[in-house]
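> Got a structure for you, written out below as structure tokens; questions coming shortly.
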Amino acid sequence: MMINLSKLIKREIKVLDLNFSEKIDNISYCGKNYRLTSLVGVNGQITNIDGQLYLDCNIKFSVLDSCSRCLKEVEVNIEDDVKAFIVEDEDCVLEDEDTIVCNGDELDFKNIIENTFILNVPERITCDENCKGLCNSCGANLNEEKCNCHNDEEFTDPRFSKLKDFFKND
Ligand SMILES: [Zn+2]
Ligand SMILES: [Zn+2]
């Protein structure tokens with residue numbers, strides 16, 4: 001997904017409108033493979049401001065992740081505004097400014113989308129704030145069924161029952 005910047009660099013145009021939807025199947029991050037459930041929508045522009053290229057756009061898409069408690073798949077919406085100067089090589093990276101390095105007169109938008117994902121993906125998601133998760137012993141999904149395990153440790157842990165007796169006798 002390369003954006004050609006040559007017209008902007010040569011100042012044949014001042015503004016390059018970005019208005020497209022792009023299909024990406026997966027994004028890999030931290031050993032996990034996230035499947036996208038929507039196209040990646042990009043809206044904004046790159047402007048040549050006195051010889052400096054400036055990107056200002058909105059990026060929006062959804063991915064599937066799994067609930068950290070019950071492992072059910074949940075759709076997560078990712079959206080962010082990306083504002084950064086585009087420079088031709090690492091040496092030109094501006095201090096105190098967000099910069100993106102382009103490859104000659106080509107800008108690799110896939111990198112920008114992947115970075116947007118990394119910066120915005122929640123660390124842990126839950127399908128519902130009241131998700132009961134999976135039973136520690138039998139793995140049953142406690143949102144859907146009641147299992148026969150004694151989940152209430154107060155009753156199964158012998159140390160607790162002794163304590164209970166203690167209070168009873170007191
Ligand atoms: Zn859940
Ligand atoms: Zn169980």
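> Show the residue pairs that are 6+ apart or on different chains and have beta-carbon atoms under 7 Å apart, the first residue being within region 133-144 and over 19 Å from residue 74 (Cα atoms), the second being near ligand 2 (Cβ under 7 Å from one of its atoms).
Qualifying pairs under 7 Å: 135/147; 135/149; 135/151; 137/149; 138/147; 138/149.
Conditions (1) surrounded by 19 or more Cβ atoms within 10 Å (Cβ to Cβ); (2) over 24 Å from residue 122 (Cβ atoms); (3) at pLDDT below 95, marked per residue:
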{"position": "27", "(1), (2), (3)": "yes, no, no"}
{"position": "35", "(1), (2), (3)": "no, no, no"}
{"position": "40", "(1), (2), (3)": "yes, no, no"}
{"position": "46", "(1), (2), (3)": "yes, yes, no"}
{"position": "55", "(1), (2), (3)": "yes, yes, no"}
{"position": "58", "(1), (2), (3)": "no, no, no"}
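> Go over the candidates 36, 53, 64 one by one and state the one that is in contact with a strand residue (DSSP E or B) (Cβ under 7 Å, 6 or more places away or on another chain) and closer than 21 Å to residue 86 by Cβ. Step through it out loud before you land on a result.
Numbers: 36 fails: closer than 21 Å to residue 86 by Cβ; 64 fails: closer than 21 Å to residue 86 by Cβ.
Going through 36, 53, 64 in turn, just one is in contact with a strand residue (DSSP E or B) (Cβ under 7 Å, 6 or more places away or on another chain) and closer than 21 Å to residue 86 by Cβ: 53.
> Identify the single condition in (1) assigned by TED's automatic domain parsing to the domain that holds residue 7; (2) more than 16 Å from ligand 1 (Cβ to nearest atom); (3) loosely packed, with under 13 Cβ neighbours inside 10 Å that residue 86 does not satisfy, given that it satisfies every other one.
All conditions are met except number (3).
The values are calculated or read from the model by the stated rules, or taken from the named source; none is laboratory data. Fair warning: this is a prediction, and the values are worked out from it, not measured in the lab. Positions of Cβ are generated from backbone atoms using ideal geometry, with glycine treated the same way; all protein chains shown enter the neighbour counts.
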